[in-house]
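Nothing in this text is a laboratory measurement; each read-out follows from the coordinates by a stated rule. Since the model is a prediction, treat every value here as computed from it, not as a measurement. No Cβ is skipped: glycine too gets one built from the backbone with ideal geometry, and neighbour counts run over all protein chains shown.
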Amino acid sequence: MNWGVENLRRLPERDLRFIVNTVATRRRDHDYICELVRDKPDLIDIMLNDERLFQRVMHDEEILLHISPYLLFTILLRQVKKELSRTNFTMEKIDVGERIPVFDSQMVGRLLDRQDIQDYLAHMLASFTKTETVSVALPLGGKTFVKRYSDLDPEDLEELASIVEERYRFPLYKRLGDICLFMCGIFPEYLFAEARRKTPAWSLPTRKYRSMQDYEEVGRRFYQLAAQQEVAGTAGLSDILGTLAENFHLARKPLNYLADRYIHWQRGRWFGSAVNL
């Protein structure tokens, strides 16, 4: 079973009902339709491309009170794919307020043609609407102290990955790739500003990764490491993660487009924790 198709099959009831209520406007038997399409992800896939879904989520400022973040970003990424198919170029962000046209929209489109990639990106974006931390007991000088690690901080997770046994590293490697892609795609201005910030001579740098280039290099590396883990194959993620590693720069383009066109003013509300690293 395709990884993306399986996720469509497991849509929460409220998401499925939202889709049916929005698309099947000429019907009244929505309960029946929900039951009918529940085990038919191919039909759900068709319905998700309906323009009415995009219009509805764009006109509801409290949309995340009504549907899951996964469904929201699934709808938005499908709209990105439609709109990029109508142009020959994407606008490459090279600094704060600076962009240049790059004729790569067909390559970005081919990446999004893969439903498993598109679905992975939707799940990845959804994961950043909440924050998680883990506490680890570490021995030091005959004593034990507890350190908290954030799953939004690449430096935290890289340090944690160096501590745990190899068999436990897959989710850390994967999350490291996700953080880097998320920041490059949704908050590139933050990275440009960080790269230009000067550190006083009397102060040590506070962050190891600061520029867009840093995040792209780290993201590629950890996606590749995650793809090589045995558990990635078991989960059906080896090819997806390997593809993101090889096409990291392209993969951030639909996220840049989504952030600029659809959620620019909502980013702070939905992903506020991400820029407080």
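Side notes on the structure shown:
- The peptide list 60-68, 162-170, put in order of mean Cβ contacts within 10 Å with the highest first, becomes 60-68, 162-170.
- Here the Karplus curve 6.51 cos²θ - 1.76 cosθ + 1.60, taken at θ = phi - 60°, turns the phi angles of region 10-22 into couplings of 9, 4, x, 4, 5, 5, 4, 5, 4, 4, 5, 4, 7 Hz, with x standing for Gly and Pro.
- Residue order, fewest to most beta carbons within 10 Å, for ILE33, ILE19: ILE33, ILE19
- Sequence-distant residues sharing a close amide H with ILE94 (under 5 Å, placed H): ARG99, ILE100
- Translational diffusion coefficient (Stokes-Einstein; Kirkwood radius from C-alpha pairs) of the chain at 4 °C, 1.567 mPa s, in µm²/s: 64
- In sequence order, calculated HN-Hα J values of region 30-43 (Karplus, 6.51, -1.76, 1.60; Hz; x Gly/Pro): 5, 4, 5, 5, 4, 5, 5, 8, 3, 9, 10, x, 5, 6
- This model, with +1 at the C-beta of Lys and Arg and -1 at the C-beta of Asp and Glu, gives region 1-79 a dipole about its Cα centre of some 140 debye.
- Across the options GLN55, TRP265, SER85, the greatest Cα extent toward the positive end of the charge dipole of the chain (unit charges at beta carbon of Lys, Arg, Asp, Glu) belongs to TRP265.
- If only the Cβ of Lys and Arg carry +1 and only the Cβ of Asp and Glu carry -1, the dipole of the chain around its Cα centre is close to 460 debye.
- Region 1-154, dipole about Cα centre (Lys/Arg Cβ +1, Asp/Glu Cβ -1), debye to the nearest 20: 160
- From most to least packed by mean Cβ count within 10 Å, the peptides 35-45, 120-130, 249-259 give 249-259, 120-130, 35-45.
- Region 37-55 residues near the modelled ASP29 label - backbone nitrogen below 19 Å, point 7 Å along Cα→Cβ: 37-40, 43-44
- Converting phi to 3J(HN,Hα) with the Karplus coefficients 6.51, -1.76 and 1.60 and the offset θ = phi - 60°, region 88-94 yields 9, 9, 10, 9, 7, 7, 10 Hz in sequence order, with x at every glycine or proline.
- Considering only PRO41, LEU16, ASN256, and ranking their Cα positions along the charge dipole of the chain that arises from unit charges at the beta-carbon of Lys, Arg, Asp and Glu, the one farthest toward the positive end is ASN256.
- Extension gain for ASN88 to ASP39 (0.36 nm times residue separation, less C-alpha to C-alpha distance): 13.9 nm.
- As a proxy for reagent exposure, ranking ARG221, ARG14 by other Cβ atoms within 10 Å from fewest up yields ARG14, ARG221.
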